[in-house]
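Colleague: Please find one structure pasted underneath; my questions will follow.
The values are calculated or read from the model by the stated rules, or taken from the named source; none is laboratory data. Just so you know, these numbers come straight off a predicted model, no measurement behind them. All Cβ positions, glycine included, derive from the backbone under ideal geometry; neighbour counts span all protein chains shown.
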């Protein structure tokens, strides 16, 4: 019988992994065909390594803490919830098995989730192991830019995953202690946890506080990516308020971690409870109220003066990123020497100066040339054509099909896939001309397209456009719709 269960389990596992295996195999064939099979093997190897390490660490930590909880309460039996024990006593003997196997299953799911997330970190880890300095330091922390590109993603990933792991390592033993009847509120909130059980949970909360302190230390560097200032990056409030707030919260969190350890030599749970309350109170004041007051009282009344150095940082590093740091600026002196000869010499440029605004022209095209509710112009483009022997700049837009605007009674599979398959034609007008009514002077308009210039439109159907977001079938016996 056990053999059958093992066989069924293997078949289910194969079915679950089938799509992944097929994907990997296809990817390998593609990389191998292009001569980069070694790249695929490197990526796959590090992905499996990251996933395996995450699975082992998650499983080991969670199983170890649950094992400690079961060992500390080995002399106590599982307590069935009151509603189960009162309704059906036959459930009571099943509680231990359900709890143990359910817990193992939950730990397996959590470990698999961590492994799946970690498998995506292969590139981050490889960049960390092959870090290269940029030779440029940031103006706030004086760290090489390579630190933020190669180091920080790994530190942040380990901190967030470690915090998540420790939170689950606290929740699962807490549930076991509750099911074993070890958490007794009848003794009062100060003494509902005592002895080794309190020591175990306080040790876990101390570890959570330590990892949270590391998170505040890393969050200081994240201020360089702050979107809250006048420009992207650290602003006055970030550097003079939030940076201090993160430093203070980091120290406070370390103190709270120490208080959890000190509470091991004190009776009751009052010191850990007071520590948690103190943490949230200081977080509200230092992390929320202090930066808000700094921004409202100090920055906003004189924002340009306060933010000027940080705007300069933004401009400097933007230029550096785009390779524009060495651009020399020179004063351009305007000379009032324009004459008829200069105008005639540059007639081609003057005749193509754009007067129409994109948004205005788009709404005008939609009003005058959509012609039917189910036609739509996505946007306006600018292009250049030789028209009547003259190289002209024009604005144009394709008349695409918006199937959602087709009448509801006509929206069926045949119409969507076989009949309403394409848009039709375009609208084109010069960039610098208007009619006497102030409207575009169309070179191409209407359905079927009517042109006033020497451009022939051989195929007005538009199957591939910016509005195309669903598949259709052409060349069928159903006649495709062009226009009424």
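Colleague: Go through (1) modelled with pLDDT under 90; (2) at negative phi one by one and return the number of the condition residue 135 breaks.
Modeller: The failed condition is (2).
Colleague: From 289, 350, 343, 362, which residue is closer than 23 Å to residue 235 by Cα, surrounded by 10 or more Cβ atoms within 10 Å (Cβ to Cβ) and without any contact (Cβ under 8 Å) to a residue 40 or more places away in the chain?
Modeller: 289
Colleague: Does residue 275 qualify as being buried (at least 17 other Cβ atoms within 10 Å of the Cβ) and either over 30 Å from the mean Cα position of the chain (by Cα) or on the phi < 0 side of the Ramachandran plot (or both)?
Modeller: On the way: buried (at least 17 other Cβ atoms within 10 Å of the Cβ): yes; either over 30 Å from the mean Cα position of the chain (by Cα) or on the phi < 0 side of the Ramachandran plot (or both): yes.
In short, yes.
Colleague: Follow-up question, since we're still on this one. When the residues of the stretch 299-325 are narrowed to those that are touching a helix residue (DSSP H, G or I) at 6+ places or on another chain (Cβ under 7 Å) and touching a residue at least 12 places away in the same chain (Cβ under 8 Å), which ends up nearest to residue 232 (Cα to Cα)? It would help to see each step written out before you state the result.
Modeller: Residues of the stretch 299-325 touching a helix residue (DSSP H, G or I) at 6+ places or on another chain (Cβ under 7 Å): 299, 306-307, 310, 325.
With the extra rule that they be touching a residue at least 12 places away in the same chain (Cβ under 8 Å), the set shrinks to 299, 306-307, 310.
On the way: 299: 16, 306: 15, 307: 12, 310: 9 Å.
My answer is 310.
Colleague: Now for a separate question. Which is farther than 29 Å from residue 311 by Cα, buried (at least 16 other Cβ atoms within 10 Å of the Cβ), touching a helix residue (DSSP H, G or I) at 6+ places or on another chain (Cβ under 8 Å) and in the same structural domain as residue 227 (by TED's automatic domain parsing), of 261, 248, 282?
Modeller: On the way: 261 fails: buried (at least 16 other Cβ atoms within 10 Å of the Cβ); 248 fails: farther than 29 Å from residue 311 by Cα.
Criteria check complete, one pass: 282.
Matching residues to (1) modelled with pLDDT of 90 or more; (2) in the same structural domain as residue 158 (by TED's automatic domain parsing):
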position: 2; (1), (2): no, no
position: 31; (1), (2): no, no
position: 52; (1), (2): yes, yes
position: 66; (1), (2): no, yes
position: 86; (1), (2): no, no
position: 99; (1), (2): no, yes
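Residues are listed down the side, and each one gets a yes or a no for (1) in contact with a strand residue (DSSP E or B) (Cβ under 7 Å, 6 or more places away or on another chain); (2) free of Cβ contacts under 8 Å to residues at least 24 places away in the same chain; (3) not assigned by TED's automatic domain parsing to the domain that holds residue 212:
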| site | (1), (2), (3) |
| --- | --- |
| 112 | no, no, yes |
| 131 | no, yes, yes |
| 143 | yes, no, yes |
| 151 | no, yes, yes |
| 158 | no, yes, yes |
| 165 | no, no, yes |
| 176 | no, no, yes |
| 179 | no, no, yes |
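Colleague: Tell me the helices (runs of 4 or more DSSP H) entirely within the stretch 313-401 that contain at least 1 residues that are within 34 Å of the chain's Cα centre (by Cα).
Modeller: 358-369
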